[in-house]
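All remarks here apply to the structure that follows.
A short reminder: the numbers here are calculations on the coordinates, not readings from a lab. Everything quoted here is computed from the prediction, not taken from an experiment. Neighbour counts are summed over all protein chains in view; Cβ atoms, including those assigned to glycine, are modelled from backbone coordinates with ideal geometry.
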Amino acid sequence: METILPLIIQLVSGAAGGNIIAALIKKLDLGPVGNSIAGILGGALGGQLLGMLGVGGAAAGGLDLGSILSSVAGGGVGGGVLMAIVGLIKQAMAKK
């Protein structure tokens, strides 16, 4: 259970990050479901990238406050970035 908790934190914070970026940059908004899905995927990717670099999550060796915060940060940033990329692609395709 200890290894799945960082992933759950990354997924939830990724969804939040995607929705926060969408609220800040309205033209990239994919709707609540689209923002959440892109954020969840980005949160998982961002969190896993940090884990491979040895920063946070289960790779840090446990569930202390630092690893939880790095899971939240990695998931949130990853979710926001992927949602923004998907929003930009959708916007570019709509112009054609």
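Roughly how compact is the chain, stated as its Cα Rg over 2.2 N^0.38 Å to two decimals? Before the final figure, lay out the partial values.
Values: Rg = 13.8 Å, N = 96, 2.2 N^0.38 = 12.5 Å.
This ratio for the chain stands at 1.11.
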If each residue of separation counts as 0.36 nm, what is the full-extension length gain between LEU49 and LYS90 once their alpha-carbon separation is subtracted? 12.3 nm
Quick one: dipole size for the chain, taken about the Cα centre, charges +1 on Lys/Arg Cβ and -1 on Asp/Glu Cβ, in debye to the nearest 20. 640 debye
Value of [θ]222 nm, deg cm²/dmol, for the chain, DSSP H segments ≥ 4, -39500 (n - 2.57) each, nearest 500: -27500 deg cm²/dmol
Among 65-77, 84-96, how do they line up by average Cβ neighbours within 10 Å per residue, starting with the highest? 65-77, 84-96
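Please give the peptides 31-38, 11-18 ranked by average Cβ packing (other Cβ atoms within 10 Å per residue), highest first, as a rough proxy for protection. Please list the in-between numbers first.
Working: 31-38: 17.8, 11-18: 26.0.
Per-residue mean Cβ counts within 10 Å order the peptides as 11-18, 31-38.
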Fully extended, how many nm does the chain gain between LEU24 and ILE4 (0.36 nm per residue separation, minus their Cα-Cα distance)? 4.2 nm
